[in-house]
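Some notes on the structure that comes next.
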Amino acid sequence: MTPSAIPGPIDPPARLLMGPGPISAYPSVLRAMSAPLVGQYDPYMTQLMGETQELYRGVWATSNDATLLVDGTSRAGIEAAIVSLVRPGDRVLVPVFGRFGHLLAEIAERAMAEVHTIETAWGQVFAPSAIEEAIVRVKPTLLALVQGDTSTTMNQPLDEIGAICERHGVLFYSDATASLGGNDFEADAWGLDAATAGLQKCLGGPSGSSPITLSERAVEVIRSRGRIEAGIREDGDASAADFVRSNYFDLGMILDYWGPRRLNHHTEATSMLYAARECARVLLLEGRDAVIERHRVSGAAMLAGVEGLGLTVFGDVAHKMNNVVAVEIPAGVPGDAARAALLEDFGIEIGTSFGPLHGRVWRIGTMGYNAREDAVLTTLAALEQVLRRFGASVPAGGGVDAAADVYRGAA
Ligand SMILES: *Cc1c(COP(=O)(O)O)cnc(C)c1O
């Protein structure tokens, strides 16, 4: 490369990320990520790791000792939980109500589980009785259930599922990536054995770190598997199938890295640890309930706003996540061209959709740092302009007025 061909430094355009994730990060999270690095076994690093664990116990509402980060995006946490809890041949039940249920099923298949799914229509959630009925029929060792599925915006109620799993001796895992921090989540009170998340939704950070929490029962299952330490198999009599079928995602090894032994496994992603710690710190500083309430109000404002623009909301609104809404693209409006106009002319990103909803709905998020009145009102004002440009007839100011009313009512 000649010097003149070398690209300039990174200088991203100003963007307001109002899609289903990733979203604009809290400014203090970006500042934390630019802090100088320390060594893996620097006492300061060990201190930060311990603080991060304690902060996430607050975020998850748990006293689980095994509360830590898996390095990688949200699916790193998902994969670590599933490959570490499931032995080949184990039965896993996955209730599927959107794209991410299919992902959990696929990962469990790859872990060589015998996977059983039940499905409900996109835009709906499962009644606890439907899940219990499937548990009785399938007799799984693990239930893997998404909490909030951004593909459909639905929020599966989890509060009764832990007791059902307990009754039937089933481990209960939930992917709370899209919902944690913006909707209720009570790891202990709801009887979760494992839960994973990511930073790039309601936690207000970049993707690249996956918070995870594990009950004592889950840790026992992980500990009961064949152990490998520093590349040497410790359990001579364990069968090959007993060892976790991944080195990177072997939670037994990751727990030893985070635990008092601080046994070397990977090299903790230092800047992502800073980010994850800051995400949890700002959440707890504002107050977990206050942050969830801010998501509830901003979600209600965005919902009222899109309805004020005459748009139709997709799915069972009573079970919608606080932090994302799906709206039907009005007839005659070219969905992708309208999204491109929002991005190019207003610097605002909203989301497209997958699977059966592709081309039918846009998804608009109000999460983390962007669960904010000015972000909501700006997005609605821009959306109104773009809809009109593409020939939709929209009530002038109808979106902003309706959303502002929600904020005034909540004040
Ligand atoms: C967004 C999302 C993910 C994302 O996974 P990444 O690996 O971070 O891209 C996973 N699960 C759910 C439920 C999500 O909504």
**Q.** Average Cα contact separation per residue, the chain, under 8 Å, 6 or more apart, as relative contact order %
**A.** 22 percent
(Q) Below 8 Å, C-alpha to C-alpha, sequence gap of six or more: please give me the relative contact order for region 107-263 in percent. (A) 14 percent
Q) Over region 287-410, what per residue volume does the convex hull of the Cα atoms give, in whole Å³? A) 103 Å³
Q.
Bins of 5 Å, beginning at zero and ending with the bin holding the largest distance: percent of Cα pairs per bin for region 44-197, please.
A. 2, 10, 19, 23, 22, 14, 6, 3, 1, 0, 0
Q | Accessible carbon and sulfur surface of the chain relative to its total accessible area, %, 1.4 Å | A | 54 percent
**Q.** Helix-only mean residue ellipticity at 222 nm for the chain, each DSSP H run of n ≥ 4 adding -39500 (n - 2.57), per residue, nearest 500
**A.** -12500 deg cm²/dmol
(Q) Per residue, how large is the accessible surface of the chain? Use a 1.4 angstrom probe and give square angstrom. (A) 40 Å²
Q. Could you state the number of Å between the C-alpha centres of region 278-301 and region 201-272?
A. 30 Å
**Q.** Surrounding net charge for Cys165, when Lys and Arg each add one and Asp and Glu each subtract one, Cβ distance under 11 Å
**A.** -2
Q) Which three semi-axes in whole Å describe the equivalent ellipsoid of the chain, each the square root of 5 times a Cα gyration tensor eigenvalue, listed largest first? A) 37, 26, 19
Q) Assigning unit charges at the beta carbon (Lys, Arg +1; Asp, Glu -1) and nothing else, what dipole magnitude in debye, to the nearest 20, does region 287-410 show about its Cα centre? A) 180 debye
Q) What ranking, highest mean first, results for peptides 375-384, 158-167, 142-151, 399-408 when packing means the other Cβ atoms within 10 Å averaged over each residue? A) 142-151, 375-384, 399-408, 158-167
Q: Please get the size of the charge dipole for the chain, origin at its Cα centre, with Cβ charges of +1 on Lys and Arg and -1 on Asp and Glu, quoted in debye to the nearest 20.
A: 500 debye
Q. For the Cα atoms of the chain, what angle does the longest principal axis make with the long axis of helix 99-110, in degrees from 0 to 90, nearest 10?
A. 20 degrees
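The values are calculated or read from the model by the stated rules, or taken from the named source; none is laboratory data. This one's a predicted model, so the numbers in the text were calculated from it and none came from an experiment. Reconstructed Cβ throughout: ideal geometry from the backbone, glycine too, with neighbour counts over all protein chains shown. Heavy atoms of the whole protein, side chains included, go into the accessibility calculation; ligands, DNA and RNA do not. Shrake-Rupley method; radii C 1.70, N 1.55, O 1.52, S 1.80 Å.
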